[in-house]
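The values are calculated or read from the model by the stated rules, or taken from the named source; none is laboratory data. Every value quoted in this text rests on a predicted model; they were computed, and no experiment measured them. Positions of Cβ are generated from backbone atoms using ideal geometry, with glycine treated the same way; all protein chains shown enter the neighbour counts. Just the protein is used for accessible areas: all its heavy atoms, side chains included, with ligands, DNA and RNA removed. Shrake-Rupley method; radii C 1.70, N 1.55, O 1.52, S 1.80 Å.
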Amino acid sequence: MTSISTPEERVAIWQASSRTIRNYLFPLGGAYQVAICRIGLFSYLYLHVYRAARTAGLGTETYYQNVNVAAYQAKSLVYLLFSTVPPSPSVLLAILVMAQVSTLCAIVGLATRPAMIVSVLSNIFLGAMLFSWEPLWSHPYNSGLLAGIGMMFGRAGDVFSLDAVLTRYLQGRRIRTDRATYRWPVLLGLFGTSAVYFGGFYAKWSTPEFTYTLSWAFSDNLRNSISLPWLIYGKPLPWQVEMLANNPWLWKLAALGHLLTQALPMLALFSMNRPFVRLAEGLVFIGGVCLLKEVMGFWNPEWIILAVSFVDWEYFLAAAGLELRLVGPEAPVTGIAWILSFGAAFMLSNLIVIGVRYDDRGSSILYPFSSMNFYSNVAATRPYSDHHHYPFAYGELTLHYRDGSSQNYNCYPAIAKGFATAFSNGTPVEEKLRVQAGEIVAARNTIASAHGAVIDDCSHSLRASDVVALDQYTSIRDIPPYPERVQFVPGQKALIGRWEYNGDRFISAAGQVKLDGMATAILVSSSGLDVDQYEILLANDPWKNYRIGPYIEAKGRWTGTKFTVDSDFATSLPVGWYPVVIRVHEKGGRSYDFSGGVMYR
């Protein structure tokens, strides 16, 4: 083996390596590439993020009536500016206008560089605002917002822009495009676009315990994961999902393929000089978008626009016979140290959040930086080599009508939010009660805002007229083990809150399980109820037991609204997790079961 011994050889290798890296990051040309990426990215931000904020009613006087203001958990730029109190409708309207104008300017290339920065920051604010009513967030906008952060400081308006037209006809000159500063914003934008997929791959491979196994693929996980959206929506499983869910070898093979589709797009960062390889990785990205729709019903067609950064536009346009002239003389690259520092900070921030699975903490303010751990936990029960039932914790909203019928609002936007608070033990009981009561108020306001019209739910039409009561639940529903038919089997559920038309009555009760010395205590609080007495019941570990049977009556003593669990009773229970049910008996004879946290034995 030949060793490098002389200082001159080491210097030569360092210089060669530096030159290779510099040529890769800062090649000459690329003005058309970055301009097309700019148009695509900011079109995405306008069509997906801005329009979503507009559709949600941000900036209107009624927006705050349809969200649970008590559950406000500000994130990102919203947290920096409005950490404790939500911004007023007029502030939201101003940011909406700012996002609209700046994003349109970025698309057409008018005052391109400041417009890009303002557009990205204002859209991040809007995206964060949409998810400021829950501990974490869904991930429809993260790819585009992260790509925007990567690109927003780049020089992207030298061609295909009004800036270029105005410079040519008002100042009588062309903008110089013989530059080596166009690739790095494309690279960082490509990284941001790919980060959501790569983070999902890493989260599924690493597992919450950092075991780095393929349990996500070689278990019942995919069978349960692909069935859940359709079951939640109340829709029958499509034929392709039915086929996968009833063939173990097929769902495991599909799981491995899914991991590959999430890992591969990031490799495009190393294929910038290989146009066809990079294009193939972009087609994998688009394929993943389409497969999410076909298999899980998640359809974000706007994501396809983000594939613009996977195409070497200058190579293919030149191959098509279009002459893309560089306007010289060659301009030197300036600010390389700043560019490298910004790029390294941006990429490392993403990778650290992904690598440590930061979102597993249960809350975060770092939006849109995310560990992308959606559907990454193994949706199966150990041991993974066997087939077991799968318990799924979620929420339900049921509308009761004057004629005695009832319907579930399967796609109620906030259905996935309240159950986490109700199950938690770390939140003080009075705070839990405030959030739970706010959830049912928001639900009632949402139904009322339909003004008696028909609501288009995921799987059916929902009447918003003649509603006499609303029940919002935490629920644990089971998917039966293979080879039983995939369906939701009722497990356990209890109320978060209830609204009754008679008297416009809102009722709620909350519980907090905590240690009181050596004993377990359950603190109870309620609102709107004419309480005669409370009763504490336990559900028999629905995460372990399929079909839990009747509730277990807890033994212990009451001191005011604190129930101390009898130690002998507690030790008699098998090790497990026991959802607490607070049965509230009213003086008029009615009783209601509310969710009160989870007791661990």
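Couple of notes before you dig in:
- Cα centroid separation, the range 254-322 to the range 460-485 (Å): 37
- Ordering PRO550, PRO574, THR421 by Cα displacement along the dipole of the range 390-600 toward the positive end leaves PRO574 in first place; charges were set at the Cβ atoms of Lys, Arg (+1) and Asp, Glu (-1).
- Calculated FRET value between GLU500 and HIS451, using beta carbons and R₀ = 25 Å, to 0.05: 0.80
- Spin-label model, ASP566 to VAL101: label points 7 Å out along the Cα-to-beta-carbon direction sit 7.1 nm apart.
- Approximating the spin labels as points 7 Å out from Cα along Cα→Cβ, the ALA344-to-THR55 distance works out to 4.2 nm.
- Rounded to the nearest 10 square angstrom, THR559 shows an accessible area of 80 square angstrom against a 1.4 Å probe.
- Binning the C-alpha pair distances of the range 285-428 at 5 Å intervals from 0 yields a P(r) profile of 2, 6, 7, 9, 14, 16, 12, 10, 7, 5, 4, 4, 3, 1, 0, 0 %, listed from the shortest bin outward.
- Computed extension length for LEU317-VAL165: 52.6 nm, one decimal, from 0.36 nm per residue of separation with the Cα-Cα distance subtracted.
- Each residue, GLU9 and LEU291, gets one label point 7 Å from its Cα in the Cβ direction; the gap between the two is 4.7 nm.
- Dipole magnitude for the range 390-600: about 160 debye, using +1 per Lys or Arg Cβ and -1 per Asp or Glu Cβ, origin at the Cα centre.
- Compactness index (Cα Rg / 2.2 N^0.38 Å), the range 390-600: 1.05
- Positive dipole terminus of the chain, leading residue within TYR212, PRO301, LEU264 (C-beta point charges): LEU264
- Taking Cα centre as origin and charging only the Cβ of basic (Lys, Arg, +1) and acidic (Asp, Glu, -1) residues, the dipole magnitude of the chain rounds to 1200 debye.
- Along principal axes, Cα extents of the chain, largest first, whole Å: 88, 64, 50
- The range 160-221 and the range 502-520 have their alpha-carbon centroids 47 Å apart.
- Look at the dipole of the chain built from charges on Cβ: of PHE374, GLN100, PHE201, the Cα furthest out on the positive end belongs to GLN100.
- Straight Cα distances below 27 angstrom link LYS204 to the lysines LYS75, LYS235, LYS252, LYS293, LYS417, LYS544, with same-chain residues fewer than 8 positions distant left out.
- Protection proxy ranking, peptides 413-423, 31-41, 396-406, average beta carbon neighbours within 10 Å, highest first: 31-41, 413-423, 396-406
- P(r) tail, the range 1-160: Cα-Cα pairs separated by more than 26 Å, 42% of all pairs.
- Accessible surface of VAL284 - all protein chains present, 1.4 Å probe, nearest 10 Å²: 40
- Between the beta carbons of THR398 and SER18, assuming R0 = 60 Å, the FRET efficiency works out to 0.40 to the nearest 0.05.
- Kirkwood hydrodynamic radius (C-alpha pairs) into Stokes-Einstein, the range 179-338, 25 °C and 0.890 mPa s, D in µm²/s: 135
- Summary of packing: across the peptides 207-214, 156-163, 132-139, the per-residue average of other C-beta atoms within 10 Å ranks them, highest first, as 156-163, 132-139, 207-214.
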